[in-house]
Amino acid sequence: MGVPGCFHIIGLWAVGTFGECFHEQAGFLLGQGSGFKKVVMQFHWNNPQLKADYVDSSGMVLHLTKSKRTHNAGVLQVGQYYIQLSPGQEKIVVEGRCTPDMSRFRLKGPIHFTTGINHMHYLGRAMNMEHFRNGVKLRDLTMDEVYSYDSPVFHNYAESVRFEPGDEIKTSCHFKTTERSKTVFQGDGTNDEMCFGFLTYYPTENMINPYCIQWRGLDYSSFYYQETINGCTWKDFLNTSIPTTEALHTRVLSHCSKLGLCLKECVSVIKEAKKHPCLQGDMHEYFRHLAREDGAKNAPLARLFSALDSCYTEMAVESCPKPLTDPTSTSSTVQFSVFWIGAASVLRHIMK
Ligand SMILES: *[C@@H]1O[C@H](CO)[C@@H](O)[C@H](O)[C@H]1NC(C)=O
């Protein structure tokens, strides 16, 4: 993700790994016919002291073979996009699920995992991916009781693990933040955090979308293929030219303060507004996140939320979700940590 035009991960490397040998039954199809014809390599470097004389001579060798493997391999990414870790905590657990519905949507038939690898950053202490079917746990996929960013472990399955549409993967990430004085968020920077799992699988022919990641309880990819999520028609909610959206903005902004004061006449207006399906539960939190993360790009949304949040304290009793802390700007000190090779596929562009 994050590489325009590329949709599939075909390899990854992280500090402390020596590369990956793929399963004898499966390989990545490159070149002629339906093979990948372009690859992009994404590097992340870290240079906290902004030294000017650092050089990097690292690289990667791709080994090609003429004796094609029986199956075409791909990489499935699972985990959680929403991370907000309070400082000073011994243990915080973040979970992301690839739910039965999510896996059913993504798979045309069973796939087989050959390798799994966990990925967090320096605050990660332990991690696991668990495989469930019909609510029953079948096995741990990547139990790292002690996780260390600098020495990730490839979990290889001598006998590949069959994963069926409707199966579930629960990813659990344990973080320790006693060394931090500020809240830590999800992000690419080494000082940000991640909670992702990567599973190499075959055959790619059974995969529709190799990203099965949540944002809180939402299917993160659903924004790309669903117009309505939990009853919320999100494009209309973000479009102030739509009369109902415009009416909502006008009503809230004309009754509520933009300066954080809770006006008496605002309380009942907010109560009414919060019945909107886009202002419920995780969707509400997602839009609040959008408003705060990029207020310039989402100016109307940012105004709406500052008005909606002006009576937060007064309405807290009514089980409003807690507002997000303003993201502290972590300096973009990205360690040479992980890089992806994404391959462009002409066949599938679900995520545009
Ligand atoms: C917003 O809605 C208007 C009216 O339906 C429509 O013409 C316009 O294309 C929409 N804008 C976006 C960005 O979807």
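The values are calculated or read from the model by the stated rules, or taken from the named source; none is laboratory data. Note that the coordinates shown come from a computational prediction; the quantities given were computed from them, not determined experimentally. Here the Cβ is made from the backbone with ideal geometry for all residues, glycine too, and neighbour counts use every protein chain on show. SASA here: full protein model, heavy atoms, side chains in, ligands and nucleic acids out. Shrake-Rupley method; radii C 1.70, N 1.55, O 1.52, S 1.80 Å.
I'm trying to understand the selection: among the residues of the range 33-92, which are among the β-branched types (Val, Ile, Thr) and either within 24 Å of GLU193 (Cα to Cα) or surrounded by 15 or more Cβ atoms within 10 Å (Cβ to Cβ) (or both)?
VAL39, VAL40, VAL75, VAL78, ILE83, ILE92
Determine which member of the set THR171, THR177, THR190 is open to solvent by less than 10 Å² (accessible area, probe 1.4 Å), away from the ligand (no atom under 16 Å from the Cβ), in contact with a His (Cβ under 7 Å, 6 or more places away or on another chain) and β-branched (Val, Ile, Thr).
The match here is THR190.
Just to be sure before I move on: is HIS121 at pLDDT 95 or above and farther than 15 Å from THR99 by Cβ in the structure I sent?
no
Show me the helices (runs of 4 or more DSSP H) found entirely inside the range 259-316 where at least 3 residues are at positive phi, touching a Phe, Trp or Tyr at 6+ places or on another chain (Cβ under 6 Å) and open to solvent by less than 40 Å² (accessible area, probe 1.4 Å).
Output list is empty.
Tell me which of these SER103 doesn't satisfy, since it passes every other one: (1) among the small types (Gly, Ala, Ser); (2) open to solvent by 20 Å² or more (accessible area, probe 1.4 Å); (3) modelled with pLDDT of 95 or more.
All conditions are met except number (2).
Exactly one condition in (1) among the aromatic types (Phe, Trp, Tyr); (2) at pLDDT 95 or above; (3) open to solvent by 10 Å² or more (accessible area, probe 1.4 Å); (4) out of contact with any helix residue (DSSP H, G or I) (no Cβ under 9 Å at 6 or more places or on another chain) is not met by PHE132; state its number.
(4)
Please go through (1) open to solvent by 10 Å² or more (accessible area, probe 1.4 Å); (2) within 16 Å of the ligand (Cβ to nearest atom); (3) touching a residue at least 40 places away in the same chain (Cβ under 8 Å) for ILE208 and return the number of the only condition it doesn't satisfy.
(2)
Can you confirm whether GLN214 is closer than 29 Å to GLN42 by Cβ, open to solvent by 10 Å² or more (accessible area, probe 1.4 Å) and within 16 Å of the ligand (Cβ to nearest atom)?
no
Determine, yes or no, whether SER181 is part of a loop (DSSP other than H, G, I, E, B) and modelled with pLDDT of 95 or more.
Judged against the criteria, SER181 is a match.
If you take the residues in the range 7-25 that are among the aliphatic types (A, V, I, L, M) and under 20 Å from VAL153 (Cβ atoms), which one is surrounded by the most Cβ atoms within 10 Å (Cβ to Cβ)?
ILE9
Would you be able to tell me the number of residues in the range 223-252 that are in contact (Cβ under 8 Å) with a residue 40 or more places away in the chain, open to solvent by 40 Å² or more (accessible area, probe 1.4 Å) and away from the ligand (no atom under 16 Å from the Cβ)?
3
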